[in-house]
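Below is one structure. I have some questions about it.
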Amino acid sequence: MLGRALADYEKDMTRCARCSLCKWPPLAQVKSIRFSQVCPAISRYNFHAYSGGGKMIVGLSKLKGRVDYSEEMLNVIYRCSVCGACDISCKYSRDLEPLEVLHTLRATCVRDGVAPLPAHRPILDSMRNYDNVWMQPRKKRGSWARKLEVKDAAEQPVDTLYFVGCTYALRPELSGVARTTVRVLQDAGVDVGILGEEELCCGSPAYTIGDEELFVENARRNIEMLNSLGVRRVVASCAGCYGVLKTKYPLVAPANFQVLNVTELLAELIEQGRLVFTNPIGRSVTYHDPCHLGRQSETRKEWNGTERKVLNHLVIQDPPKEFNRGTYGVYEAPRRVLAALPGVELTEMERIREYSFCCGSGGGAKSAFPEFALATARERVEEAENTGAELVATACPWCESNISEGIADAGSRLECASLIELVAKGLGGDVS
Ligand code: SF4
Ligand code: SF4
């Protein structure tokens with residue numbers, strides 16, 4: 001939620017049982033000891049304060065004035081990829097809100113002036129000055145589409161707007177994914193347009209770092225612009241953009257458009273017979289669920305009921321509170337796409353869907369603590385290697401980039417590719 005204070009979560013923080021179950025997937029999901037952890041911060045630092053439950057204790061201690069800010073406290077709060085795995089595990093034991101506490105802790109740090117961390121400041125300054133996170137001039141944002149024939153949604157009406165996002169638009173090594181996405185959608189007969197230079201950052205980095213004011217400003221500007229275009233739907237292929245467009249923008253202002261991830265649209269187009277694969281891929285593949293496409297893409301339900309205690313310890317919520325357990329994230333669509341591709345043999349990793357292990361890149365971890373981000377990617381690469389697959393497919397530029405770094409660092413034989421690149425190969429076309 002936005003605009004919350006630690007006091008709003010006092011009950012959650014007090015009720016944390018210190019059970020540590022947020023360090024593992026729910027036990028019924030554990031397939032082996034080796035891949036039995038789910039919190040990247042615990043995998044790396046192995047000290048309770050770094051876990052979801054540890055952050056509950058930090059939050060409560062701060063609220064009660066028992067501790068003051070210190071470098072160590074900021075380490076605990078920011079050496080975390082905000083992946084939300086702890087939150088899902090907690091909801092299988094105590095039904096508390098560790099992820100909301102974490103976001104509120106970060107927002108409190110920013111409001112109190114002790115954050116953002118020095119490594120995060122250039123990102124937020126870049127968002128303010130250039131409307132992107134990569135410190136690139138605004139006019140470069142449309143460069144990725146220079147040789148494409150694609151409608152400018154600011155100039156002419158389109159049914160579907162492709163929201164490219166800063167990273168696919170401005171990182172040359174990844175912008176082939178954006179070009180491929182447009183070509184594939186056009187091949188399938190989708191009336192698609194882009195905003196080019198006019199597109200703004202979605203605001204997700206500001207939200208995860210804790211600068212809620214900057215996030216709300218970006219969200220409001222985007223909602224106003226997207227509403228004014230009159231598009232029926234907005235399709236995102238960056239999981240970070242998709243996550244905030246779908247789940248956080250409705251907290252800021254009403255949006256008159258549907259939000260889809262590109263994997264959802266691809267699955268729909270395949271099932272309608274509008275994408276027909278003729279080219280066998282011939283690869284064994286495993287799929288990495290991006291956190292913001294999976295467990296964090298559920299719209300949170302606001303609860304305003306009352307509570308009473310029975311037997312002096314059981315809390316009854318009236319009406320019963322509906323919890324987000326990650327069940328309704330986007331898991332099936334990418335798997336339906338993979339299943340439709342000829343010559344793809346999918347072998348799943350042990351930690352998947354809402355219990356997936358993060359790639360390590362999110363929440364500002366990559367910019368502030370690169371060794372932590374790389375260690376997390378290495379862990380995921382080892383899990384992918386364990387499947388025997390040749391290729392890790394994913395659907396997020398941050399995941400693709402960080403997993404690729406993990407592969408290179410490990411000297412692994414694995415490859416990492418975006419799902420849309422496999423789709424383009426299946427159609428027999430060029431990748432970029
Ligand atoms: S959000 Fe992810 S990295 Fe952070 S404490 Fe929770 S499980 Fe660990
Ligand atoms: S946050 Fe939840 S799972 Fe973690 S220690 Fe507290 S009660 Fe247990």
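Every read-out reported here was derived from the displayed coordinates using simple, explicitly stated rules and does not represent laboratory data. Being a predicted model, the structure only gives us computed values, none of them experimental. A quick note on method: Cβ atoms are made from the backbone with ideal geometry, for glycine too, and the neighbour counts reach across all protein chains shown.
Quick one: compute the contact order of the chain, relative version, from alpha carbon pairs under 8 angstrom and 6+ residues apart, as a percent.
It comes to 17 percent, rounded to a whole number.
With runs of 4+ DSSP H residues as the only contributors, calculate the mean residue ellipticity of the chain at 222 nm using -39,500 (n - 2.57) per run, divided by the residue total and rounded to the nearest 500.
Values: 18 runs with 176 residues, N = 432.
For the chain, the value works out to -12000 deg cm²/dmol.
Still on this model: Where the convex hull is taken over the Cα atoms of the chain, what is its projected area averaged over directions, in nm²?
With every direction weighted equally, the projected area is 20.3 nm².
Right, next: What do you get for the angle between helix 397-410 and the principal long axis of the chain? Use alpha-carbon atoms, 0 to 90 degrees, nearest ten.
Helix 397-410 sits at roughly 80 degrees to that axis.
May I ask for the angle, rounded to the nearest 10°, between helix 212-229 and the longest principal axis of the chain, with both axes built from Cα atoms and the value confined to 0 to 90°?
Computed tilt is about 30 degrees.
Then there's this: So what are the ³J(HN,Hα) numbers for region 105-116, from phi and the Karplus equation (6.51, -1.76, 1.60; θ = phi - 60°), rounded to whole Hz, Gly and Pro as x?
4, 5, 5, 5, 4, 5, 4, 7, x, 9, 9, x
Taking the 0 to 90 degree range and rounding to the nearest ten, how far is the long axis of helix 52-63 tilted relative to the main principal axis of the chain, both from C-alpha atoms?
Once rounded, one gets 60 degrees.
Round to the nearest 0.05 the FRET efficiency obtained for Arg111 and Ser70 when R0 = 22 Å and r is the Cβ-Cβ distance.
The calculated FRET efficiency here is 0.80.
Rounded to whole Hz and in sequence order, give me ³J(HN,Hα) for region 328-336 from the Karplus expression 6.51 cos²θ - 1.76 cosθ + 1.60, θ = phi - 60°, writing x for Gly and Pro.
9, x, 8, 10, 6, 4, x, 6, 5
Report, please, the projected area of region 125-271 averaged over directions, based on the convex hull of its C-alpha atoms, in nm².
Hull-based average projected area comes out at 8.1 nm².
Spin-label point model (7 Å from Cα, Cβ direction): what's the Thr327 to Trp303 distance in nm?
1.4 nm
Can you compute 3J(HN,Hα) from phi for each residue in region 6-14, using the Karplus curve 6.51 cos²θ - 1.76 cosθ + 1.60 with θ = phi - 60°, rounded to whole Hz and x for Gly and Pro?
With coefficients 6.51, -1.76 and 1.60, one gets 4, 4, 5, 10, 4, 5, 4, 5, 6 Hz.
Could you pull out which residues in region 277-298 have an amide N less than 13 Å from a spot 7 Å beyond the Cα of Glu390, following the Cα-Cβ vector?
280-286
Now a separate question. What full-extension length gain, to one decimal in nm, is calculated for Val315 and Leu148 as 0.36 nm per residue of separation minus the Cα-Cα distance?
Full-extension gain reported as 54.3 nm.
If I stretch the segment between Lys139 and Val30 completely, what's the gain in nm (0.36 nm per residue apart, minus their alpha carbon distance), one decimal?
Here the answer is 34.4 nm.
Next question. List every residue whose amide H lies under 5 Å from the amide H of Glu415, counting only residues 5 or more places away in sequence or on a different chain, with H placed 1.01 Å from N in the peptide plane.
Leu391, Val392
Across region 4-157, how many lysine pairs separated by 8 or more positions, or lying on different chains, have Cα atoms within less than 30 Å?
Close lysine pairs under the 30 Å cut-off: 19.
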